[in-house]
């Protein structure tokens with residue numbers, strides 16, 4: 001279980017300039033699929049980075065299973081079971097896709113096992129297993145490879161920052177199935193930042209953040225109807241953005 005108590009984050013001298021997060025208190029139970037949504041600039045990605053350890057809060061504390069992890073680095077938190085999938089995945093020149101999946105799994109896995117993770121995210125394993133994780137891969141391909149590494153890691157808590165960004169509609173529909181399977185098989189908590197109604201619609205709970213504060217927090221059944229417009233569309237962006245160069 002992850003607990004956040006009175007978390008604040010600001011930029012500027014001593015964090016006292018612009019306030020991005022304002023006294024966030026939140027509990028993420030075990031084995032829950034939770035979606036965080038809200039208008040752009042509201043603090044969603046910043047919150048995910050604070051949980052992962054990429055940033056440190058200017059106020060407040062974080063606990064994982066009763067242990068204070070506020071001062072732990074991203075590496076130390078990863079060892080304790082917190083995984084983070086970037087909105088723009090990192091490229092690793094010189095590392096093959098197979099090596100990356102093996103590193104994520106924490107063991108020298110077989111080629112067949114590595115290929116099985118790629119197949120889960122809709123990639124033809126023989127076309128990708130030996131390729132380097134570099135500029136030759138598109139953003140959509142990198143996103144799916146990163147999700148394959150998450151499947152291999154089986155983390156206690158996994159954070160996804162807008163996983164739908166840069167991928168096409170077919171891939172997005174398959175990602176929904178991947179997230180459902182991830183939740184069923186790993187039994188860890190999943191925290192996804194998204195504007196997409198189809199992701200919100202499979203979450204156990206929805207958290208709405210605006211202007212650095214939690215403005216709504218509850219079950220999907222309680223929260224989602226209030227986010228839908230009169231024509232059934234989400235008040236935030238509901239469909240994957242078709243960006244130039246997006247790949248399946």
As an exercise: evaluate residue 143 against (1) within 26 Å of residue 44 (Cβ to Cβ); (2) modelled with pLDDT of 85 or more; (3) in contact with a strand residue (DSSP E or B) (Cβ under 8 Å, 6 or more places away or on another chain) and give the number of the one condition it does not meet. (2)
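Out of the residues in segment 198-222 that are part of a helix (DSSP H, G or I) and in contact with a helix residue (DSSP H, G or I) (Cβ under 8 Å, 6 or more places away or on another chain), state the one that is modelled with the lowest pLDDT. Lay out the reasoning, then the answer.
Step one: list which residues in segment 198-222 are part of a helix (DSSP H, G or I), which gives 198-200, 220-222.
Those left that are additionally in contact with a helix residue (DSSP H, G or I) (Cβ under 8 Å, 6 or more places away or on another chain): 198-200, 220.
On the way: 198: 86, 199: 89, 200: 92, 220: 94.
Per the criteria, the residue is 198.
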Of the conditions (1) surrounded by 19 or more Cβ atoms within 10 Å (Cβ to Cβ); (2) part of a helix (DSSP H, G or I); (3) under 19 Å from the mean Cα position of the chain (by Cα), residue 158 fails just one. Which one is it? (2)
Just one of the numbered conditions (1) over 21 Å from residue 164 (Cβ atoms); (2) in a loop (DSSP other than H, G, I, E, B); (3) free of Cβ contacts under 8 Å to residues at least 40 places away in the same chain; (4) in contact with a helix residue (DSSP H, G or I) (Cβ under 7 Å, 6 or more places away or on another chain) is not true of residue 77; which one? (2)
Among the residues in segment 39-49, are any part of a strand (DSSP E or B) and at negative phi? no
Residue pairs within 6 Å by beta carbon, gap of at least six or interchain, first lying in segment 164-188 and on the phi > 0 side of the Ramachandran plot and at pLDDT 70 or above, second surrounded by fewer than 19 Cβ atoms within 10 Å (Cβ to Cβ) and assigned to a loop (DSSP other than H, G, I, E, B), listed first then second, are 187/31
I'd like to verify a number: residues in segment 99-108 that are surrounded by fewer than 15 Cβ atoms within 10 Å (Cβ to Cβ) and either touching a helix residue (DSSP H, G or I) at 6+ places or on another chain (Cβ under 7 Å) or closer than 24 Å to residue 28 by Cβ (or both), how many? 2
Out of segment 55-98, which residues are crowded, with 16+ Cβ neighbours inside 10 Å and out of contact with any strand residue (DSSP E or B) (no Cβ under 7 Å at 6 or more places or on another chain)? 72, 77, 78, 89, 98
Consider residue 26 carefully, then state whether it is out of contact with any helix residue (DSSP H, G or I) (no Cβ under 7 Å at 6 or more places or on another chain), crowded, with 18+ Cβ neighbours inside 10 Å and either part of a strand (DSSP E or B) or without any contact (Cβ under 8 Å) to a residue 24 or more places away in the chain (or both). yes
Within the bounds of segment 163-170, is there any residue that is closer than 25 Å to residue 76 by Cα and not in a helix (DSSP H, G or I)? yes
Provide a single number: the residues in segment 80-125 that are part of a loop (DSSP other than H, G, I, E, B), in contact (Cβ under 8 Å) with a residue 60 or more places away in the chain and more than 30 Å from residue 56 (Cα to Cα). 1
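The values are calculated or read from the model by the stated rules, or taken from the named source; none is laboratory data. Remember, predicted model here, so these are calculated numbers, not experimental data. No Cβ is skipped: glycine too gets one built from the backbone with ideal geometry, and neighbour counts run over all protein chains shown.
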